[in-house]
Each structure stands twice: as structure tokens, then as C-alpha cells.
Amino acid sequence: MASLYYDNGEPKYQKFYNKVSDKPFDKPMYMRLVSETYPFPWIELPNDEELADPNKNVVYYDWVRAYKLVDAIAANETEVTLEQEINLYYEDIMFKSVELNVKSSKNISIPLSYKANEKRNIHFLLKDADGKKVADATYEAHAGYANLEFNFNTITKLEPGKSYTLIAHIRPLKSTRKEALNASAIVLNVQ
């Protein structure tokens, strides 16, 4: 909730919608394009004559942006994306937290988000507490902003009671580690 006030006057309150859904875009959506008038102290309210004048009460929109939910794992419909054309994102990988408790297994599900302006590789490197490489994997990420779970497979089960560090680098296709655009890390606590 937010409190709004002007010149130490009586506050007005705004309650925000805060329900979070497990599945994005699960309700019908629409755009509401409006023209509004805000009364004193900013401006006077319009009179009937001004409201009837199309030179004063018509709104024109030069640009409107809408989003379409697409499968982050499926290929994009076009080779050149809008993201690539306008360099929309600061390309990055984000883990939902700095630590993740996982069960001792050869297959670990890692929740993550990424932003990519074009098709990229995300290279995962798993290291033990001594900094030694345990396993690595590469995921081909499509352009866009995606939330997904990556299934990271190891040759042997991770040892219970130990911690590992998973480092993820987002980089151009067919590139080297030195060409990484960004990197993130998460600590895996094995139970």
C-alpha cells in the first residue's frame, strides 16, 4: 500500500494488486488507453465547452508495446528478433536466490531467468568447495526474457553435506569463456 499526500495535506491511499501466479499470463489481458484530467492543485477541471472541443480532449498514441507469451524452450518464429534490432536487454542470467538446497542426485533442477537479445549459449560450470570442476553443461537460449528450470546432469551423485558452486556464463554462440557477456553464481547445498 502507498500513501500519497500534497503539501502535508490529508493522505490518500493506494492499494496495489499483489497476487502472484505460478503460471504467467493465465488470465485474459487487455490494454486500457485513457486520457485523464487531474484537478486542482495542478489544473482546473475542464468545462462542458472544453470537453466538446476535439482539439483539447482527443488523445493520440504514437507507440504502444504489447507482449506475447512464448515458450522459452521452443525456437523463435523469426531469425532476427526485435530484441536484437533494438538491443533491448542488458543480457544476464539470474538465479532466484544466492543459495539452493538440493537433494543428492545426478540430476539437479536449477530455477533461473535470463535476458538475451539474440540466440545465446549459457555455459554452466559446477565446482566443488576446493574449486575443482565437477561437471559442466551448455544450454542454447533463445532471444527474449525467460524463466525456466534447467536440468543439470552430473556423472556421479553430489555428496550430501557438501556445498558446490554453479557458475553460469551467457555468451555468443560458438565463443570462448573470455567472450562471456555476463556471469552469475549460485551455491548448491546438498542434503
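Ignoring any ligand, DNA or RNA, what whole percent of the accessible area of region 49-170 comes from carbon and sulfur when the probe is 1.4 angstrom? Mind showing how you got there, number by number?
On the way: 3910 of 8030 Å².
Reported share for carbon and sulfur atoms: 49 percent.
The overall shape of region 1-58, judged from the alpha-carbon gyration tensor, is oblate: a/c is not under 1.5, and a/b is no greater than b/c.
Shape class of region 1-102 from the alpha-carbon gyration tensor: oblate, with a/c at 1.5 or above and b/c at least as large as a/b.
Going by the alpha-carbon gyration tensor, a ≥ b ≥ c the square roots of its eigenvalues, is the chain rounded (a/c under 1.5) or, if a/c is not under 1.5, prolate (a/b greater than b/c) versus oblate? Mind dumping the intermediate values first?
Numbers: a/c = 3.20, a/b = 2.07, b/c = 1.54.
Verdict is prolate for the chain.
Given R₀ = 45 Å, FRET efficiency for Tyr90-Lys157 by Cβ-Cβ distance, to 0.05? Let's see the in-between values first.
Working: r = 37 Å, r/R0 = 0.81.
Between Tyr90 and Lys157 the formula returns 0.80.
Please give the peptides 82-90, 118-126, 45-53, 106-114 ranked by average Cβ packing (other Cβ atoms within 10 Å per residue), highest first, as a rough proxy for protection.
On the way: 82-90: 13.0, 118-126: 19.4, 45-53: 10.2, 106-114: 16.8.
Packing order, densest peptide first, comes out as 118-126, 106-114, 82-90, 45-53.
Taking each of Lys68/Lys162; Lys19/Lys157; Lys12/Lys96; Lys23/Lys106; Lys103/Lys174 in turn, the alpha-carbon distance tops 31 angstrom for Lys68/Lys162; Lys19/Lys157; Lys12/Lys96; Lys103/Lys174. With Cα atoms defining each centre, region 126-164 and region 1-59 are spaced 46 Å apart in the structure.
Were the residues from Ala183 through Asn18 laid out at 0.36 nm apart, the gain over their Cα-Cα distance would be 56.3 nm.
Taking a straight line from the alpha carbon of Lys56, these aspartates and glutamates sit under 17 Å away, with near neighbours fewer than eight places off in the same chain left out: Glu36, Glu44, Asp48. Ordering Met29, Met94, Met1 by accessible surface, largest first, gives Met1, Met29, Met94; the 1.4 Å probe counts only protein heavy atoms, with every chain in place.
Given charges of +1 on the Cβ of Lys and Arg and -1 on the Cβ of Asp and Glu, with all other atoms neutral, how large is the dipole of region 38-191 about its Cα centre, in debye to the nearest 20? Walk me through the numbers before you get to the answer.
Details: 18 positive and 22 negative charges, 310 e Å.
In total the dipole reaches around 1480 debye.
Here the gap between Asp136 and Ser109, fully extended at 0.36 nm per residue and compared with their Cα-Cα distance, gives a gain of 8.3 nm.
The values are calculated or read from the model by the stated rules, or taken from the named source; none is laboratory data. Computed from a predicted model, the values in this text were never measured in an experiment. For neighbour counting, all protein chains shown are included, and Cβ atoms are generated from backbone atoms with ideal geometry for every residue, glycine included. Protein only, heavy atoms only, side chains kept; ligands, DNA and RNA dropped before computing areas. Shrake-Rupley method; radii C 1.70, N 1.55, O 1.52, S 1.80 Å.
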